[in-house]
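> Have a look at this one before I ask anything.
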Amino acid sequence: MKSFKFTKMHGLGNNYIYVNTFEENLDEEKLPDIAVQVSNINTGIGSDGLILICPSDKADVKMRIFNNDGSEGKNCGNGLRCVAKYAYEHKLVTETTFKIETLSGLVEASLEIENEVVKLITVDMGEPRLLKSQIPMLGQASDKAIDEEMVFSGHTLRGTTVSMGNPHIIFYVDDITQAPVTTLGPIIEKDSCFPEGVNVEFVEVVSKNELHFRVWERGSGVTQACGTGACAAVVSSVLNHHTVQGELTTVHLAGGDLHINWTSEGNVLMTGPAEVICTGTFYL
Ligand SMILES: N[C@@H](CCC[C@H](N)C(=O)O)C(=O)O
């Protein structure tokens, strides 16, 4: 029977099964099925998906992320912090600042360490991409969708789209507890306006430095947190004049807080924790 070693980790409750492919060998064509299998709460381990920590010829390590429906994503903020913690604590890297390759480009992770344990990770997520062609979404390729009126299955909403290497749409609500995450999330995720689907986020503005946030993730549904989504929400909030570029914003997600700064230079910095839940062997 084929088996592999795994570590289950989470970033603010956004939990994945991590496999170190420096040591484990998984068949490329089986990866989508393995993601579905390990994520199943009844017959697998239970998770939001599968993340591979791989060798890279462009960076110190490479991250690949599969959602719990088996689709491959191009980026994952909470996953990057967990990969950074794993890479340092398992001595795949020796420096406290290093580069991680993703399907959407290179990012840089910086670690805060106490007694050889990684406590907090800041990831420089690079520049947000705003053009409709970069999301990608239908419409004039060189336009941006900022507070744009859109209709989804008869529901008229004003949304802002941001790519952090993966696609996000942000809607503002008056009361986060009433956000239509589970009703409109799945409809908007698969709307034909987004040829590759979209991660759907609802945001309540608390103040110039504070947002409440809930997410329906492409390929995984409701999760406790989405790092790229929180970055996209801060970019969107600057574009919609709710927050200020160059200032730190605290984003309150269901699973805890992230601290995000869309710097005046243009890159987005995300700071937050990463935790190990358990390790084990999975039998296919
Ligand atoms: N949870 C993630 C994002 C995971 C991928 C996403 N669902 C997609 O398909 O783009 C995060 O923390 O950013």
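The values are calculated or read from the model by the stated rules, or taken from the named source; none is laboratory data. This is a predicted model, so every value here is computed, not measured. A quick note on method: Cβ atoms are made from the backbone with ideal geometry, for glycine too, and the neighbour counts reach across all protein chains shown. All accessible areas refer to the heavy atoms of the entire protein, side chains included, with ligands and DNA or RNA removed. Shrake-Rupley method; radii C 1.70, N 1.55, O 1.52, S 1.80 Å.
> Here is a list: Arg218, Arg214. Which entry is under 24 Å from Leu138 (Cβ atoms), charged (D, E, K, R) and in contact with a Phe, Trp or Tyr (Cβ under 9 Å, 6 or more places away or on another chain)?
One residue alone meets the criteria, Arg218.
> Name every residue in region 198-218 that is more than 18 Å from Gly11 (Cα to Cα) and either without any contact (Cβ under 8 Å) to a residue 12 or more places away in the chain or open to solvent by 10 Å² or more (accessible area, probe 1.4 Å) (or both), in order of residue number.
Glu204, Val205, Val206, Ser207, Lys208, Asn209, Glu210
> Of the numbered conditions (1) closer than 24 Å to Asn261 by Cα; (2) assigned to a helix (DSSP H, G or I); (3) of a type in the set (A, V, I, L, M, F, W, C), Ala87 fails exactly one; give the number of that condition.
(1)
> Would you mind stating whether Val238 is within 9 Å of the ligand (Cβ to nearest atom) and either hydroxyl-bearing (Ser, Thr, Tyr) or outside any loop (DSSP other than H, G, I, E, B) (or both)?
Considered against the rule, which asks whether it is within 9 Å of the ligand (Cβ to nearest atom) and either hydroxyl-bearing (Ser, Thr, Tyr) or outside any loop (DSSP other than H, G, I, E, B) (or both), Val238 comes out as no.
> While we're looking at this one, here's another question. Tell me which of these His241 doesn't satisfy, since it passes every other one: (1) in contact (Cβ under 8 Å) with a residue 12 or more places away in the chain; (2) surrounded by fewer than 24 Cβ atoms within 10 Å (Cβ to Cβ).
(1)
> Can you tell me which residues in region 33-89 are touching a residue at least 60 places away in the same chain (Cβ under 8 Å), open to solvent by less than 50 Å² (accessible area, probe 1.4 Å) and of a type in the set (D, E, K, R)?
Asp48, Arg81, Lys85
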